[in-house]
Amino acid sequence: MRSEITFGTDVSPFKSPLVKAVFRDVTPMHVSRSAARAAASVTGTVLTEIIDGARSAAAEQDRKRLVPGDLLAAIDRNVELEVGTEWYDHSPTFRGLTGVLYDAQGVVVPSRRRRGARRSGAVAGAHRFEAGTRKLLRSRGVTAVPAMVRDLDGIASVFLTELARDAAGAVREDSLRNPADRTGDGRTIGRDDVLTATAVQLFGGGLRQRALAGAGAAVRDTSAG
């Protein structure tokens, strides 16, 4: 049975300064405290789900140290965990599993050219989540080999970057379509924008529901504090 985990103000392994740094890489908009807490919580929930899936795969071999193969098994068993897929093209774990890539002229791009391609900010900055990832692994009662930690870092970084991009898009769209209904100033990403982005990024009903519930709890903790 999977034990639940809720990320409150002091528990989330992904701290607000790191989250805001990702948002700054994506948009010049201000990020409210509640939005940063919500984004940290959502990312933590997603990574927890991935780790728990990998942990189940490892348990079948009586292991508590996760390896990249456990990550592949977790994603194969639960399509909801297929997030942060931009990372796949930069990780040896997924190499050869991401299908054929074509350029603008419809020509197949050799894998060696893909590896040499310019890395996005999300991929280049993945290392900043290592401490939070290791903390989250410990909280789930497992450890992981360095390659597995790196994959979890990368997925978290890419997912959070995509979340930030969609949240910024939600602000712009809401300001254009419903300016009278928007409570913010049109230049600040708020909690509701992050929740909207979460609903876009997480297509699986179960994971989406847990992520939204956890984000709400994190924001309530922030308000209470």
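Values quoted throughout were computed directly from the atomic coordinates according to the rules given, and no laboratory measurement underlies them. These numbers come from a predicted model, not from an experiment. Note that we place each Cβ from the backbone using ideal geometry, even for glycine, and neighbour counts take in every protein chain shown.
Hey, can you grab everything whose amide H is under 5 Å from the amide H of Ala144? Only 5+ residues off in sequence or another chain; H modelled, so Pro and N-termini drop out.
When sequence neighbours closer than 5 places are left aside, the close amide H contacts are Leu66.
Would you please state which residues of the range 23-61 a label at Leu176 would reach in this model, taking the label point 7 Å out along Cα→Cβ and a backbone N cut-off of under 18 Å?
Once the point is set 7 Å along Cα→Cβ of Leu176, 27-29 turn out to lie under 18 Å by backbone N, inside the range 23-61.
Where does the charge balance sit around Ala131 when Lys and Arg score +1, Asp and Glu -1, over other residues with C-beta under 12 Å from its C-beta?
So the environment of Ala131 carries a net charge of +3.
Can you run phi through the Karplus equation (6.51, -1.76, 1.60; θ = phi - 60°) for the range 165-177 and list ³J(HN,Hα) in whole Hz, with x for Gly and Pro?
4, 6, 5, 4, x, 5, 4, 4, 5, 5, 5, 7, 8
Check the straight Cα-Cα distances from Lys64 and name the lysines below 22 Å, setting aside those fewer than 8 residues away within the same chain.
By straight Cα distance, Lys64 reaches Lys135.
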